[in-house]
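Below is one structure, written out as structure tokens; the observations come after it.
The values are calculated or read from the model by the stated rules, or taken from the named source; none is laboratory data. Everything quoted here is computed from the prediction, not taken from an experiment. No Cβ is skipped: glycine too gets one built from the backbone with ideal geometry, and neighbour counts run over all protein chains shown.
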Amino acid sequence: MNGLTQGKIALIISLTILFGQWTAMVVIHYTVGVFPPYLFVIPLLASLLIYFLIIVLIEYFILRKVKILYRTIGGMGKKMEKPSLKDPELFENLREQVQLFRDEKTIEIEALKENEKFRREFIGNVSHELKTPLTSIQGFVEILMDEAQSGKPAEVKYLQKIANNSDRLIDIVQDLTLITQAESNELQLNLERFHIYELLLEVIEALDDMAKAKGTKVEVRDLKHISYQVVADRQKIYQVLYNLIENAIFYCPEETKIAVRFFDLEHTVMIEVSDNGHGIAPEHLTRIFERFYRVDPNRSRAKGGSGLGLSIVKRIIETHGYTIQADSQVNKGTRFRFGLKKG
């Protein structure tokens, strides 16, 4: 309203009408005939009536529409003060709020479109990942059924392949369940204080055969920090370290060196897992934490990976209240870093 309240607007309009009536009456008075003086009071009374009517109209029509806009914006989760026409900046504030509201909704719509695209890709990836082991199981079962019908003894190797693919299916379902729980804030953490170095040794021992098969060496740097304790979910941090080191063994060439370091950041213990392998190109590095994303789809599937490992790592660390960063250089190696609360 450019600083005008409903009272000022009503006063201006009513005074304009009043002076217009008086001017007309004066002209008629001197050109046609004499008016009784009391008739000049009638325009004054009419102007007063118009004044109050204008105030009522503004209050119940204009402000009513403004309140509807405020309630609409406020009903979408935005806190707003109760509108008043006495506020000289009412319409300017309303314009700003509507603009902000529009911008927020535009961002939300774009996010929904992106999520819908991701959902379609996710469903396609899940279908593909489940199809591979299921097809293998189906094929081996048919072989066993044919042998049984022909009186041949069942081949143990076929049963073992069925068992392996069944285990892979279970792993995929468990990983999907964990990610779903983390994204819906339903992932429960069993927080406890433990030595992070001791947990790391358990992970290295569990992956020892895999590392030896490729001639890969996993070493812990800066042993002066082995006394560090952290407060976290021990089982889930085991899974984080296991996935990071397992990935490094899987995707790096033979005789690669994998190093784990600890850094003291006052209230946080920073854990770093690095290797001197092939590295990851920049166009892939920004997407490696996405579900089912693969830098090299053919190699990953041949190795039996589900493409969920790094996504799970990211969700677990975020549930602990921290983030994980990755940086890499092609032909020089990759490094992952994440923090945990110091115990």
Report task. Mind listing just one residue for me: the one in segment 213-225 that is within 35 Å of the chain's Cα centre (by Cα) and not in a strand (DSSP E or B) and, of those, nearest to residue 337 (Cα to Cα)? Result -> 221
Query raised in the report: Do the conditions hold for residue 228, that is, is it free of Cβ contacts under 8 Å to residues at least 40 places away in the same chain and either in the same structural domain as residue 198 (by TED's automatic domain parsing) or buried (at least 21 other Cβ atoms within 10 Å of the Cβ) (or both)?
Result: no
Query raised in the report: Only one of 246, 254 is over 29 Å from the mean Cα position of the chain (by Cα) and either crowded, with 16+ Cβ neighbours inside 10 Å or not in a helix (DSSP H, G or I) (or both); which?
Result: 254
Query raised in the report: Considering 237, 170, which residue is closer than 22 Å to residue 321 by Cα, among the β-branched types (Val, Ile, Thr), out of contact with any Phe, Trp or Tyr (no Cβ under 6 Å at 6 or more places or on another chain) and outside any loop (DSSP other than H, G, I, E, B)?
Result: 237
Report task. Can you work out which of the residues in segment 316-334 that are assigned to a strand (DSSP E or B) and surrounded by fewer than 17 Cβ atoms within 10 Å (Cβ to Cβ) is farthest from the chain's Cα centre (by Cα)? Result -> 329
Query raised in the report: List the pairs whose first member sits in segment 162-182 and is assigned by TED's automatic domain parsing to the domain that holds residue 143, whose second member is part of a helix (DSSP H, G or I) and loosely packed, with under 15 Cβ neighbours inside 10 Å, and whose Cβ atoms are under 8 Å apart, counting only residues at least 6 apart or on separate chains?
Result: 162/141; 165/134; 169/134
Query raised in the report: Within segment 196-206, is there a residue that is over 34 Å from the mean Cα position of the chain (by Cα) and in a helix (DSSP H, G or I)?
Result: yes
Query raised in the report: Of all residues in segment 240-262, which are touching a Phe, Trp or Tyr at 6+ places or on another chain (Cβ under 6 Å) and aromatic (Phe, Trp, Tyr)?
Result: 262
Query raised in the report: In this structure, does residue 288 turn out to be more than 16 Å from residue 312 (Cβ to Cβ), assigned to a loop (DSSP other than H, G, I, E, B) and at pLDDT below 90?
Result: no
Query raised in the report: Within segment 251-273, can one find any residue that is aromatic (Phe, Trp, Tyr), at pLDDT below 90 and closer than 17 Å to residue 309 by Cα?
Result: yes
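The rows are residues; the columns are (1) at pLDDT below 70; (2) touching a Ser or Thr at 6+ places or on another chain (Cβ under 6 Å); (3) in a helix (DSSP H, G or I).
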position: 127; (1), (2), (3): yes, no, yes
position: 178; (1), (2), (3): no, no, yes
position: 193; (1), (2), (3): no, no, no
position: 211; (1), (2), (3): no, no, yes
Report task. Look at residue 254 and say whether it is among the charged types (D, E, K, R) and under 24 Å from residue 314 (Cα atoms). Result -> no
